[in-house]
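A short write-up of the structure that comes next.
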Amino acid sequence: MKVVESLDWPMLSKLWSGAIRNRQSAIGHLQSATRIPQPAVPDPEASILNPQSSISVPKVVLVETPRDAFQGIRDLIPTAEKIAHITRLIDAGCRCIDFGSFVSPKAVPQMRDSEAVLEAIGRHPSLTLIAIIANQRGLDRAIATGKVDAVGFPFSISDTFQMRNTHKSIEETWPIVEDLARCSESQRIAFILYLSMAFGNPYGDSWSARAVIDFVRRLDDLGVRVVSLADTTAEANPAQISELAGRCRSEFPDLELGIHLHSDASGWPAKLTAALECGIQRVDSAVAGMGGCPFARKELVGNIPTEGVVDLLESRGIPTGIDRVKLLSCVESARHIMELYGTASC
């Protein structure tokens, strides 16, 4: 925890905010961002999530999650503004992006235009694009685009949340996971399992670290290679993260283990540090902490902010490849979207 204690997080936040306020129309507002930048030469430490890469896994993969950010916004965001925002993220150096989801537009209206967003982004060898799916229909849509590198499936250890999110019980979901993982592999699309409510839940459903380990073991037996522990409603504390992530890394050394945290502004640095000290290999975040899951509870709990995550990672000697100046325009873009279209509540 020494790194977290030595960094002045309130001061860092003020510096970010001040830099954004003083920036003179650096992005020319959202309407001007129409050009998708050509990505740089592929990172020599490409993630195993990009099936085209056979190069070694980096110490930490930073996953930017505009999909999770957008779905927590109340009003429909125009497709052009989503494309502009993601374009800026790419230009700032984000190379692994959870861009959208192929789910029912009735369930998540904000994601109704995911194909159009993906078409505008395009596919590049140095960019890993992740889409969230809930069933075989979603996977079929991802395959049909020919541009998706990985699909993510949310699977909750809380039966209440699993019903809310996918309208299936935990037991009904296991054969779906097996089929989706097998089909994804056959199509050379990486399969990511997001283990929702991995650190507890607000519904009173039973939870234990042992149950989570048993879940992960069953996933490992099915051949799932990437699992992200998701603290969907900010239930976790650093000690809990340290215990659970540490046990997962110890018992499943061949698994690529990630962390997807939701937290208030003051709590996330200690939580993320606990995960990093256990050897977490992937970290999900969203610029300005935008977003949250609209199905989890009435009040959204935001994502952890990419700008802060970059500072923390690099303070630990972990390179991110992010251009901090360009990232400022992404933070500004996210705040513009939140101000213009509001934050959702259930």
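A few comments on the model shown:
- Qualifying residue in segment 187-204 (condition: within 29 Å of residue 242 (Cβ to Cβ) and in contact with a Gly (Cβ under 7 Å, 6 or more places away or on another chain)): yes
- Those residues of segment 166-210 which are closer than 17 Å to residue 138 by Cα, assigned to a loop (DSSP other than H, G, I, E, B) and under 20 Å from the mean Cα position of the chain (by Cα), in sequence order: 189
- Qualifying residue in segment 147-157 (condition: crowded, with 16+ Cβ neighbours inside 10 Å, more than 20 Å from residue 228 (Cα to Cα) and of a type outside the set (Phe, Trp, Tyr)): yes
- Picking from residues in segment 223-233 that are open to solvent by less than 60 Å² (accessible area, probe 1.4 Å) and in contact with an Asp or Glu (Cβ under 7 Å, 6 or more places away or on another chain), the one that is nearest to residue 65 (Cα to Cα) is 228.
- Being of a type outside the set (D, E, K, R), surrounded by 22 or more Cβ atoms within 10 Å (Cβ to Cβ), in contact (Cβ under 8 Å) with a residue 24 or more places away in the chain and assigned to a helix (DSSP H, G or I) is true of residue 161.
- Of the candidates 210, 218, 182, 137, the single residue that is of a type in the set (Lys, Arg), closer than 26 Å to residue 269 by Cα, without any contact (Cβ under 8 Å) to a residue 60 or more places away in the chain and surrounded by fewer than 19 Cβ atoms within 10 Å (Cβ to Cβ) is 210.
- Test result for residue 198, open to solvent by 30 Å² or more (accessible area, probe 1.4 Å), closer than 24 Å to residue 291 by Cα and touching a strand residue (DSSP E or B) at 6+ places or on another chain (Cβ under 8 Å): no
- Residue within segment 229-237 that is over 26 Å from residue 318 (Cα atoms), without any contact (Cβ under 8 Å) to a residue 40 or more places away in the chain and touching a Phe, Trp or Tyr at 6+ places or on another chain (Cβ under 6 Å) present: yes
- Some residue of segment 271-281 being within 20 Å of residue 155 (Cα to Cα), touching a strand residue (DSSP E or B) at 6+ places or on another chain (Cβ under 7 Å) and at pLDDT below 95: no
- Of all residues in segment 104-134, those satisfying the criterion of being of a type in the set (A, V, I, L, M, F, W, C) and open to solvent by less than 10 Å² (accessible area, probe 1.4 Å) are 111, 117, 118, 121, 127, 129, 130, 131, 133.
- Qualifying residue in segment 293-300 (condition: more than 20 Å from the chain's Cα centre (by Cα) and open to solvent by less than 30 Å² (accessible area, probe 1.4 Å)): no
The values are calculated or read from the model by the stated rules, or taken from the named source; none is laboratory data. Quantities reported herein were computed from a predicted structural model and do not represent experimental measurements. For neighbour counting, all protein chains shown are included, and Cβ atoms are generated from backbone atoms with ideal geometry for every residue, glycine included. Remember, those area values only see protein heavy atoms, side chains included, never the ligands or the DNA or RNA. Shrake-Rupley method; radii C 1.70, N 1.55, O 1.52, S 1.80 Å.
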